[in-house]
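Worksheet: the structure to be examined is printed underneath.
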Amino acid sequence: MNRLSASDIRVGEPIQWDCYDAAGTLLLRKGVLVASERQIEGLIARGLFVSQKGITPEPPPVVRPAERVSPFHIVEEFKRRLRGIFEGVSSGQSSDLTERILKLSRDLQAVCDLDADAVLGMMHLDTESRYTIMHPLYVAILVELIARVKNVPKEQRQSIVAAALTANISIIELQEQLQKQAGTLDDAQKAEMRLHTVRAVDQLLTIGVQDDLWITTVLHHHEKIDGSGYPGAQRGENIPLSVRILSLADTYSAMLTPRVYRSAILARDALRDILRILLKPATDSNPKPATHNYPKSATCSTAKSATRFLCYFPKSRRSIMGFC
C-alpha cells in the first residue's frame with residue numbers, strides 16, 4: 001500500500017480512493033468529503049494508505065452518495081485558518097505562511113466548485129463574527145466568482161483570492177477600532193489608511209511572497225477610476241483588472257457590513273450606488289452617492305462590469321445574497 005500525504009487531500013473535496021490504516025482497516029470510503037484541515041492532520045498523523053496511489057479503484061457494486069459537509073463547518077474552518085494566518089503574520093512567523101495562504105485560497109476556489117451558494121449564504125448571514133475575519137473571506141469568494149465571469153485563468157484567480165485575504169493585514173487593529181467608532185477618522189487614522197497598502201506589501205514580502213500579481217493587486221486595491229485613489233493615483237483602464245475586481249468586491253462587502261453610525265446597506269442598494277459611482281463622468285473628482293455614507297472606492301472601468309457582477313448570480317443566489 002502507498003501512504004498519502006496532506007497534499008493529496010483537500011477540504012471540501014471528495015476522497016478519490018478507499019483509504020486504510022497501516023493494519024488494513026478501512027478508514028474512509030471513496031467519495032467522502034473531508035470537513036476540516038484538523039481532520040486531515042489527524043488522519044495523516046495516524047497513517048492513511050491506499051492500495052494503488054494515483055489509480056482510482058473500481059467502484060463498488062452499490063455507490064454511496066458523497067457525504068455533504070455543512071457550510072457552517074466549512075466557514076468555521078476557514079475562519080479558524082485565517083485567524084491563525086493573521087496571528088502568524090503579527091508574530092513575525094514566516095516559515096510556511098505563504099503556502100498556508102495559497103492553500104486556503106485553493107480551498108476557497110474548491111468551495112466555489114462545490115457549493116458557493118451555501119457558503120455565500122452562511123457568510124452573508126453571519127453578523128456575529130469579527131469583521132477582520134469575515135470581510136476578507138467574503139471578499140475572497142466574491143473575487144473568485146467575478147474573476148470566473150471575466151475568464152481569468154484559475155492560477156491567476158488564486159493569486160487574486162490570496163490578495164483578497166491579505167489586502168488589509170497591516171490595519172487589522174485599526175479595522176477593529178473603526179468598527180466600534182461612531183465618528184469619522186482622525187488625521188492619524190487617515191494617514192494609516194493611506195499607507196496600509198504599502199505596509200501590507202512590505203509584510204507580504206517579509207513572509208516570502210514573490211507572486212507579482214498578488215503583490216500588485218494588494219498594493220493598488222484602493223485606486224479609483226478618476227485617479228484620486230492611492231498609492232499610485234492610477235485611473236481608468238490603467239488600473240489592472242485584478243485590482244478592479246478586488247476593489248469592486250471589497251466595496252460591495254463593506255457596504256453590506258453594519259457600522260456604529262449606520263445599519264447594513266441592502267445588497268440591491270449597494271449595487272445601485274456602485275453603478276451610480278461608475279456612471280459618473282471621469283472628470284468628476286468626487287462622485288457622491290445620494291443616500292449612504294460609506295467608503296467610495298469602487299474601481300471598475302465601465303458600469304457593464306458591475307452589471308455583470310449582479311447578472312452572474314442566478315435567481316436563487318441573488319436571494320441568498322440579499323438581492324431582490
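The values are calculated or read from the model by the stated rules, or taken from the named source; none is laboratory data. Values in this document were obtained by computation on a predicted structure and should not be read as measured data. For neighbour counting, all protein chains shown are included, and Cβ atoms are generated from backbone atoms with ideal geometry for every residue, glycine included.
Can you tell which of Ser90, Ser94, Ser129 is assigned by TED's automatic domain parsing to the domain that holds Val209, within 25 Å of Gln177 (Cα to Cα) and touching a residue at least 60 places away in the same chain (Cβ under 8 Å)? Walk me through it before giving the result.
On the way: Ser94 fails: within 25 Å of Gln177 (Cα to Cα); Ser129 fails: touching a residue at least 60 places away in the same chain (Cβ under 8 Å).
Exactly one residue qualifies, and that residue is Ser90.
One line per residue, one yes/no per condition, for (1) β-branched (Val, Ile, Thr); (2) over 23 Å from Val34 (Cα atoms):
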{"site": "Arg106", "(1), (2)": "no, no"}
{"site": "Ala110", "(1), (2)": "no, no"}
{"site": "Val119", "(1), (2)": "yes, no"}
{"site": "Thr127", "(1), (2)": "yes, yes"}
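Within the group Ala233, Ala182, Ala188, which residue is small (Gly, Ala, Ser), in a helix (DSSP H, G or I) and in the same structural domain as Ala116 (by TED's automatic domain parsing)? Show your work before the answer.
Values: Ala233 fails: in a helix (DSSP H, G or I); Ala182 fails: in a helix (DSSP H, G or I).
Selected residue: Ala188, the only one of Ala233, Ala182, Ala188 that is small (Gly, Ala, Ser), in a helix (DSSP H, G or I) and in the same structural domain as Ala116 (by TED's automatic domain parsing).
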How many of the residues making up region 177-202 are surrounded by 13 or more Cβ atoms within 10 Å (Cβ to Cβ) and at pLDDT below 90? 7
Phe78 vs. criteria within 30 Å of the chain's Cα centre (by Cα) and either closer than 30 Å to Ala164 by Cα or at pLDDT 80 or above (or both): yes
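Going through Ala116, Ala140 one at a time, which residue ends up being in a helix (DSSP H, G or I), at pLDDT below 90 and within 21 Å of Ser70 (Cβ to Cβ)? Explain how you work it out, then say what you get.
Numbers: Ala140 fails: at pLDDT below 90.
Step by step, each of Ala116, Ala140 is checked, and only Ala116 is in a helix (DSSP H, G or I), at pLDDT below 90 and within 21 Å of Ser70 (Cβ to Cβ).
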Restricting attention to region 203-230, which residues are in a loop (DSSP other than H, G, I, E, B) and either buried (at least 24 other Cβ atoms within 10 Å of the Cβ) or not acidic (Asp, Glu) (or both)? Ile207, Gly208, Val209, Gln210, His220, His221, Glu223, Lys224, Ile225, Gly227, Ser228, Gly229
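Listed here are the residues, each with its yes/no results for (1) in contact with a helix residue (DSSP H, G or I) (Cβ under 6 Å, 6 or more places away or on another chain); (2) at pLDDT 60 or above.
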| position | (1), (2) |
| --- | --- |
| Gly229 | no, yes |
| Ile239 | no, yes |
| Val243 | yes, yes |
| Ala249 | yes, yes |
| Ala254 | no, yes |
| Asp269 | no, yes |
| Leu275 | yes, no |
| Asp284 | no, no |
| Pro287 | yes, no |
